[in-house]
Amino acid sequence: MSTDTSKTTGESTDTGGRATMLRAITAVGGLASVVSTFLAWTWTDEFPGDLTFNGYPGGLQILTLVLGLLTTVFALAAMDLRGLRWLTPAGSTQALRLMALGTFATTWFTVIAIAVDLGGLANWEPGAWVAAIGSAIPLAALLLPNDTRPLKRPAELPSWAEILIIAAVFAIGLYVVNYGIQTDPDHPEPFLGYLIAVGFAAAALFKAGIVARMSALTAKYRSVTLLAALVTAVAFPFTQDKASYTELGVNILIFATVALGLNIVVGLAGLLDLGYVAFLGVGAYTAALVSGSTSSTLDVHFPFWAAVIAGAVVSLIFGVVIGAPTLRLRGDYLAIVTLGFGEIFRLAMQNMDGVSGPSVTNGPNGIPNIPPLEIFGFNFDEDHTVLGRTLDSNANYFLLMLLVTVVVVLVFSRAGNSRIGRAWVAIREDETAATAMGINGFRVKLIAFALGATLAGVAGTVWAHVQTTVVPEQYVFAGPVPPNSTFLLAAVILGGMGTIGGPLLGATLLFLIPKKLEFFQDYQLLAFGIALILIMRFRPEGIIPNRRQQLEYHETDQLDAPDQPQLSGNAVGVTKAEA
């Protein structure tokens, strides 16, 4: 008996010693990757980012530097180094593996790109060889045993410390977003490296349990979180040094807002709408007709607030008129009808040129020369100095669209948590059962359809002034350039149906990636299809899941997993053992 016990103890000691050695090797590899970024990787500045300096990381070297540091820190946390255990509340192995893979993938992508772009390995400087070898060393983490464990209830931190953590997270998030937006669109290598690095780092933080603790913390300080998010968004245009970067932000906000409106229809009510972009077009055309354009067939000039109301009301009317006779259909039949409505709208706008139909929209020429917005004497097309920083027209429209987005978020949140919102969810889950419980399914669905159309119309009025031209070709079912119905639906599904952050994140990714990778635009629909297949296979609830749907999709996992304690609101703190 004692012999067996001694043998088991010896095997456990050997396993623990081997794991410690592998973690130490991983930490050394992370440090080697960090050191390599202070060496020149190539001899010429023709490669984007200028990696020719010694002692000063630049371009893609910064990504290797950050990932190398994170790999080292997570390896030390896995070795139970005092003060770092809070980094891995859910276990260290899976997070360390992902960090190591991220360091390796980002570094090797860079050195291979150097060889391909410049014509061979002869263009590698010693720093590139050090980086290639050093980044491969942390792959020793792949041999580590899995140590996933349930999240522990952490010790409570002072309120001011938890609020500072929230502020720091949003500041880091703004820096990360700016880094991606400010990459050179003429050279895809920096943005591809950025996507690789951010993808692996985000997955590692999720596996480590840090994301879960931050979610609990933001839920505890909801008001502080909302304020921090608003301040971060307002600060965005002040941190940009090119108008094109702020223009990206404007378009992302517009499409994210429209996607959030579609989320009411698809995510909450469960109605598959394939022609939703038409409501954006209704709002845009209405604003173009009543805003005093020289090409408008209506001799009127509404102020902006009246144009917004007109766009919202007309979109609402279209939503009711289209929804009333069609919402008694379900599933694929409803999807086909909405697809037809989208195409009918585009063709109708194209034929109202005075020849094929009444003279309303100027046909395929559209309505150009939409005048700039002016609210209380504030002209949005002129530069303005705010806090010592000059804001151009794109920054002005960004702040205006941010206000619209905040209003749409409030409407979505209030509606989703109201009695009608609960009725939408009931209809989505089982319309027959909901009807048996006394819910008027047709009325509830019509409200969702009309509200979604109204929100799209509001965004369309701003979109018309940003583009200064409205043409029918902008509002198609599918195409390489957003907005289109496929883009909006993919944003909702990819981000997470029924949530606020999901469509915002989905629209950001789906707009930013093709914009930064110009060669990617011809394959956008293929990429959307692949992305949706992968999402349905590995994360059907979306990147930012609704809690109810997450439990439904992973019900088997929940039954098989051991009971885990629920996190409290102060879940970002550190346990006494981690301290």
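The values are calculated or read from the model by the stated rules, or taken from the named source; none is laboratory data. Only a predicted model underlies this, so the values are computations on that prediction, with no experimental measurement involved. No Cβ is skipped: glycine too gets one built from the backbone with ideal geometry, and neighbour counts run over all protein chains shown. Just the protein is used for accessible areas: all its heavy atoms, side chains included, with ligands, DNA and RNA removed. Shrake-Rupley method; radii C 1.70, N 1.55, O 1.52, S 1.80 Å.
Observations on the structure shown:
- Per-residue [θ]222 nm for the chain (sum of -39500 (n - 2.57) over DSSP H runs n ≥ 4, rounded to 500): -21000 deg cm²/dmol
- Computed with a 1.4 Å probe on the full set of protein chains, the accessible area for Phe109 sits at about 50 Å².
- Heavy-atom accessible area ranking, 1.4 Å probe, most first, across Val425, Val320: Val320, Val425
- Spacing of the modelled spin labels on Phe378 and Arg222, each 7 Å from Cα toward Cβ, amounts to 2.9 nm.
- The listed peptides 21-34, 378-391, ordered by packing as a protection proxy, come out as 21-34, 378-391 (highest mean of other Cβ atoms within 10 Å first).
- Two-site FRET efficiency, Val300 against Ala171, from Cβ-Cβ distance with R₀ of 41 Å, rounded to 0.05: 0.35
- Accessible area ranking (1.4 Å probe, heavy atoms, ligands and nucleic acids excluded), largest first, for Trp41, Trp160: Trp160, Trp41.
- Just so you know, the Rg over Rh for region 183-298 is 1.06, from Cα atoms, with Rh as the Kirkwood radius.
- Sorting Thr106, Thr435 by solvent-accessible area of protein heavy atoms yields Thr435, Thr106, largest first, with a 1.4 Å probe.
- Full-extension gain in nm, Val313 to Glu429, via 0.36 nm per residue minus C-alpha separation: 38.8 nm
- Calculated P(r) of region 367-429 - Cα pairs past 16 Å, %: 63
- Looking at region 400-499, the pairs of alpha carbons with a distance over 24 Å make up 35% of the total.
- Of Val320, Phe279, Ser293, farthest towards positive along the dipole that unit charges on Lys, Arg, Asp, Glu beta carbons give region 269-357: Val320
- Nearest-10 value in Å² for the accessible area of Ser356, using the 1.4 Å probe: 80
- Mean Cα-pair separation over length for region 287-406, i.e. relative contact order, pairs under 8 Å, 6 or more apart, %: 23
- Base-10 log of normalised Debye intensity for region 242-348 (one unit scatterer per alpha-carbon) at q = 0.10, 0.14 Å⁻¹: -0.35, -0.67
- 12 Å beta-carbon shell around Gly91, net charge (K/R +1, D/E -1): +4
- Computed P(r) (all Cα pairs; region 290-443; 10 Å bins; percent): 9, 23, 29, 23, 14, 3, 0
- Per-pair calculated FRET efficiency, R0 = 45 Å: Ser244 and Asp332 via Cβ, rounded to 0.05: 0.65
- Measuring nothing but alpha carbons in region 65-142 and taking Rh as the Kirkwood radius, the Rg to Rh ratio lands at 1.10.
- Check: the chain dipole with +1 on Lys, Arg Cβ and -1 on Asp, Glu Cβ, in debye: 1920
- FRET efficiency for the pair Asn417 and Ser359, taken as 1/(1 + (r/R0)^6) with r the Cβ-Cβ distance and R0 = 51 Å, rounds to 0.65.
- √(5λ) per eigenvalue of the Cα gyration tensor, the chain, largest first, Å: 46, 31, 21
- Glu431 accessible area, 1.4 Å probe, all protein chains in place, Å² to nearest 10: 40
- Tilt relative to the chain, helix 277-290 - C-alpha long axis, 0 to 90 degrees, to 10: 50
- Lysine pairs in the chain whose alpha-carbon atoms fall under 29 angstrom of each other, counting only those eight or more residues apart or on distinct chains, come to 9.
- Kirkwood radius for region 155-240, taken over all pairs of different Cα atoms as the inverse mean of 1/r, rounds to 14.5 Å.
- Pairwise alpha-carbon distances in region 19-230 exceed 24 Å for 46% of all pairs.
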